[in-house]
Amino acid sequence: MELSGNALGALAVATASILLASKGLFAKTLYEHGLTHLDVAATRSILAVPGFLLIAYWQHLRRPRHAPLRVMRRDVLGAMLAGLLCYYFGALANFYALTLIQANVERALLFSYPAMIIVAQAIWLRKWPPSATLVALVFTSLGIVFVTGAIDTQLTTEQLEGVIWVLFCSATIAIYFLMSASLTQRLGAGNFTAIAMTTAGAAFFLHYQWRGEAHWLSMDRSVLMTMLGLVIFATILPLFLVAEGVQRMGAARGGLVSTIGPPATAVMAFFLLGETLTVAQLAGTLLIIASVSALEFRLRRKKSTS
């Protein structure tokens, strides 16, 4: 049975969400081996560049000769900006936050980006969101309060700092999704992701050169294998699949399928890292998933009836 474009897009985003759920686990393991958040973020980004370039070249070979891409300078600059914002600034903030908070909390917070997409679209279109959307956003915010433990008076300043950095990263992801929805149509998913990630990799390389660090040259075999796992299974494959999925089904609808991410991270962190998941955090995660799913379902139903 042949799958439709939306079904293939949904499968791509679902697979990517499960793979991305392992990112925090890889990072936590690398931190235990003495690597810093900058070591992990920079090495991951730099080592991932060849993989994305190969994917872009492979897609170029598969493209029909009668359907050449019309690459515009502004589209390339847009992809570069998206990569710099999300894969450099956002990734740096994200990996730093993982030194302050648990992986399952980090993933649940990142999942606030679909709600941010709705808000950004409302601002861009200068149209106030419907009351149902606003209610869903309120419940999403309430879920974030529960999952971060903000209602706990013993929450440390360090944990609050981690929460802020993750929310910043989530905002960059929302912007990236919005930009990729149009740019992948003109550049292709492979080209867009390759340009974005190459830009981020170059930024990290310059950052590392400025700091005078090059720890990836002195990694032992076990650390290097863990890093390659982060690069291949939690970076190259999922980010390419996200671009493919967004190209097929759009940014907003892709968010609905990505609801599998937070619970996948929670289960992995519980079994592999021994992280705890309190009742309040579990309730907050489910509340975020339910609220964002309601937002995305409403958009999907509205689009299908229009």
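The values are calculated or read from the model by the stated rules, or taken from the named source; none is laboratory data. Because the structure is predicted, anything quoted here is derived from the model rather than measured. Neighbour counts are summed over all protein chains in view; Cβ atoms, including those assigned to glycine, are modelled from backbone coordinates with ideal geometry.
The rows are residues; the columns are (1) crowded, with 24+ Cβ neighbours inside 10 Å; (2) polar (S, T, N, Q); (3) at pLDDT below 85; (4) at negative phi.
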{"residue": "Val147", "(1), (2), (3), (4)": "yes, no, yes, yes"}
{"residue": "Glu158", "(1), (2), (3), (4)": "no, no, no, yes"}
{"residue": "Ala171", "(1), (2), (3), (4)": "no, no, no, yes"}
{"residue": "Arg186", "(1), (2), (3), (4)": "no, no, yes, yes"}
{"residue": "Asn191", "(1), (2), (3), (4)": "yes, yes, no, yes"}
(request) Name the one entry in Leu38, Leu53, Leu30, Leu20 that is at pLDDT 80 or above, crowded, with 19+ Cβ neighbours inside 10 Å, closer than 28 Å to Met227 by Cα and not small (Gly, Ala, Ser). (result) Leu30
(message) Tell me whether region 103-124 contains one or more residues that are surrounded by 22 or more Cβ atoms within 10 Å (Cβ to Cβ), polar (S, T, N, Q), at pLDDT below 70 and over 22 Å from Leu81 (Cβ atoms).
(response) yes
(message) Here are the criteria: (1) within 17 Å of Ala91 (Cβ to Cβ); (2) modelled with pLDDT of 90 or more; (3) over 16 Å from the mean Cα position of the chain (by Cα). Tell me which single one Met225 does not satisfy.
(response) (1)
(message) Being part of a loop (DSSP other than H, G, I, E, B) and within 22 Å of Ile288 (Cα to Cα) is the filter here; which residues of region 77-128 pass it?
(response) Leu98, Leu100, Ile101, Gln102, Phe111, Ser112, Trp128
(request) Could you please find all residues in region 37-63 being hydroxyl-bearing (Ser, Thr, Tyr) and either more than 20 Å from the chain's Cα centre (by Cα) or at positive phi (or both)? (result) Tyr57
(message) Which residue is modelled with the highest pLDDT, if the candidates are limited to region 205-222 and must be surrounded by 15 or more Cβ atoms within 10 Å (Cβ to Cβ) and assigned to a helix (DSSP H, G or I)?
(response) Phe205
(request) Consider Arg248 carefully, then state whether it is on the phi < 0 side of the Ramachandran plot, of a type in the set (Lys, Arg) and at pLDDT 75 or above. (result) no
